[in-house]
Amino acid sequence: MNAVVVAVIVMLVLSLSRVHVVLSLTVGAFVGGAVAGMPLQNIADAAGQVSQAGIIPVFNKGLEGGAKIALSYAMLGAFAMAITHSGLPQQLAGAVVRKLNRGGMPDSVRSGEGAVKWLLLSIILVMGIMSQNIIPIHIAFIPMIVPPLLLVFNRLKIDRRLIACVITFGLVTTYMFLPYGFGAIFLNEILLGNIHSAAPQLDVKNINVMAAMAIPALGMLAGLLLAFVHYRKPRLYQSNNADTADNADAANRPQPSAYRSLAAAAAIAVCFAIQLMYEDSLVLGAMLGFAVFMMLGVINRDKANDVFGEGIKMMAMVGFIMIAAQGFAAVMNATGHIQPLVESSMAIFGNSKGMAALAMLVVGLLVTMGIGSSFSTLPIIAAIYVPLCVGLGFSPLATVAIVGTAGALGDAGSPASDSTLGPTMGLNADGQHDHIRDSVIPTFIHYNIPLLIAGWIAAMVL
């Protein structure tokens, strides 16, 4: 049996059995290497040269490939924690709640409730988009913004499944289309980086990654528009003590400090400007943004170490998963079983690009749903898909679209994904939002199906 297939199956079964993803990836890599007949350690010939690579050295060497990605995540986490420490997200939430309360909300909703509804949904959508690049705090904005607004949502009878879809759209579509912040990690460092490693002869350095992912992003947009139609009807929720307490707490927060807000804006501008000016500069941008917070006194020197450490902890788990995924991919490459898998797959598809693209996207959906992270899926599927795409004659642009879409598929709709856990964390603050029924299933329907169709179209036309 093909070692790569065995390794992926073992990894998926363990992940779906709720074994930690890092352990699942590691076990899968060692099982795949063993099936391929690889020894644990390198075997040297009489001249002292390595005649057969061992699983452990190959896996460890692969881990090095994830170091840059993990460091980028850690620095971005530290910068995100600095933004949170500045109080800017909390102040924004408080300002919104106070504005609504002064306008007669949530005690009475009479005139203009449609305008208020669309305003709130727009604010949440914009926050979701900015949380991936301009204000890169990822899902940390959700518990600050959403729970205080639940009382207002209840009065407006907004279906929370729609809110979950809006948040997930902002979280997923942004990183899979815009190469800034977390998008820079996903698109430039992981997607293009792993494609180049899998097929150095494939010229992806000069590819416009936004052009490759534009059609899949439009698929996500179509899913969002369908969600607005699907969940347009009012849905009743009971306003309980948790809703009232969260609303009152946000309304009683101190008025925004103009100085701290300006300092946060300056730090964010510096981080974003560095990314625009230089390639692969996410680490530098996040570091300089953090330095601005310190220089302007928003973060005191005696607290800087704690804030930085908390930020690294926040992103450490994702970083470890991505490092382990790189080690898994390295072992899969070393087994020598990828090429036979590609050849047998080409024989099955009969050189049909359409069938091959559909199969790759569906498998990507299953792998990502099992792991729960698009960022960790890409190194695994790129090692297999890129040689297959080259063999079938897909263009470099189509290859980027296929691999990128296959990686993003399943992020929305996975029970273990931040893109569904984040919305549930905020919307279930009062115990009235079920994770599976109200976050996982709606986002799966409205994003995975359109994204699958859009990704297939991109593979065919690019």
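Observations on the structure shown:
- Only a single item in (1) touching a residue at least 24 places away in the same chain (Cβ under 8 Å); (2) within 17 Å of residue 373 (Cβ to Cβ) is not met by residue 23, and it is number (1).
- Filtering segment 168-187 to residues that are in contact (Cβ under 8 Å) with a residue 60 or more places away in the chain, more than 17 Å from residue 72 (Cα to Cα) and out of contact with any Ser or Thr (no Cβ under 8 Å at 6 or more places or on another chain) leaves only 169.
- Selected residue [in contact with a Gly (Cβ under 7 Å, 6 or more places away or on another chain), open to solvent by less than 30 Å² (accessible area, probe 1.4 Å) and under 30 Å from residue 82 (Cα atoms)] from 170, 181: 170
- Residues satisfying the stated conditions in segment 368-380, i.e. part of a helix (DSSP H, G or I) and surrounded by fewer than 24 Cβ atoms within 10 Å (Cβ to Cβ): 370
- Top-ranked residue of segment 194-224 - restricted to ones that are closer than 21 Å to residue 173 by Cα and of a type in the set (Val, Ile, Thr), ranked as surrounded by the most Cβ atoms within 10 Å (Cβ to Cβ): 195
- Some residue of segment 314-336 being under 30 Å from residue 368 (Cα atoms), outside any helix (DSSP H, G or I), modelled with pLDDT of 80 or more and open to solvent by 10 Å² or more (accessible area, probe 1.4 Å): yes
- Residue check, residue 356 surrounded by 23 or more Cβ atoms within 10 Å (Cβ to Cβ) and modelled with pLDDT of 85 or more: yes
- Qualifying residue in segment 69-88 (condition: in a loop (DSSP other than H, G, I, E, B) and either surrounded by 21 or more Cβ atoms within 10 Å (Cβ to Cβ) or modelled with pLDDT of 80 or more (or both)): no
- Residue 269 falls short on exactly one of the conditions (1) closer than 18 Å to residue 131 by Cα; (2) at pLDDT below 85, and that condition is (2).
- Here residue 364 does not qualify as closer than 27 Å to residue 422 by Cα and either at pLDDT 85 or above or outside any helix (DSSP H, G or I) (or both).
- Every residue from segment 31-67 that is buried (at least 19 other Cβ atoms within 10 Å of the Cβ), farther than 13 Å from residue 325 by Cβ and touching a residue at least 60 places away in the same chain (Cβ under 8 Å): 32, 33, 36, 38, 53, 55, 58
- Of all residues in segment 419-437 being open to solvent by less than 10 Å² (accessible area, probe 1.4 Å) and in a helix (DSSP H, G or I), the one that is nearest to residue 214 (Cα to Cα): 419
- Some residue of segment 295-317 being in contact with a Phe, Trp or Tyr (Cβ under 6 Å, 6 or more places away or on another chain) and touching a residue at least 24 places away in the same chain (Cβ under 8 Å): yes
- Of the residues examined, residue 14 is one that is aliphatic (A, V, I, L, M), part of a helix (DSSP H, G or I) and at pLDDT 80 or above.
- Contact map, segment 89-117: residues that are under 27 Å from residue 261 (Cα atoms) paired with residues that are at pLDDT below 70 and assigned to a helix (DSSP H, G or I), Cβ distance under 6 Å, separation 6+ or inter-chain. Pairs shown: 93/250; 94/250; 97/250; 97/251; 98/251; 101/251.
- Top-ranked residue in segment 382-418 [being among the polar types (S, T, N, Q) and in a helix (DSSP H, G or I); ranked as farthest from residue 8 (Cα to Cα)]: 399
- Filtering 302, 306, 249, 280 for residues that are on the phi > 0 side of the Ramachandran plot and either in contact with a strand residue (DSSP E or B) (Cβ under 9 Å, 6 or more places away or on another chain) or open to solvent by 60 Å² or more (accessible area, probe 1.4 Å) (or both) leaves a single hit, 280.
- Cβ separations smaller than 7 Å between residues 6+ apart or across chains give the following pairs from segment 449-462 residues that are in contact (Cβ under 8 Å) with a residue 12 or more places away in the chain to residues that are of a type in the set (S, T, N, Q) and in a helix (DSSP H, G or I): 451/405; 455/405; 458/405.
Here is a yes/no grid of residues against (1) of a type outside the set (A, V, I, L, M, F, W, C); (2) modelled with pLDDT of 85 or more:
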{"position": "127", "(1), (2)": "no, yes"}
{"position": "130", "(1), (2)": "no, yes"}
{"position": "139", "(1), (2)": "no, no"}
{"position": "148", "(1), (2)": "yes, no"}
{"position": "162", "(1), (2)": "no, yes"}
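The values are calculated or read from the model by the stated rules, or taken from the named source; none is laboratory data. As the structure is a prediction and not an experimental result, all values here were calculated from the model. As a convention, Cβ positions derive from the backbone with ideal geometry for all residues, glycine included, and neighbour counts pool all protein chains shown. These area figures cover heavy atoms from the full protein model, side chains too; ligands, DNA and RNA do not enter into them. Shrake-Rupley method; radii C 1.70, N 1.55, O 1.52, S 1.80 Å.
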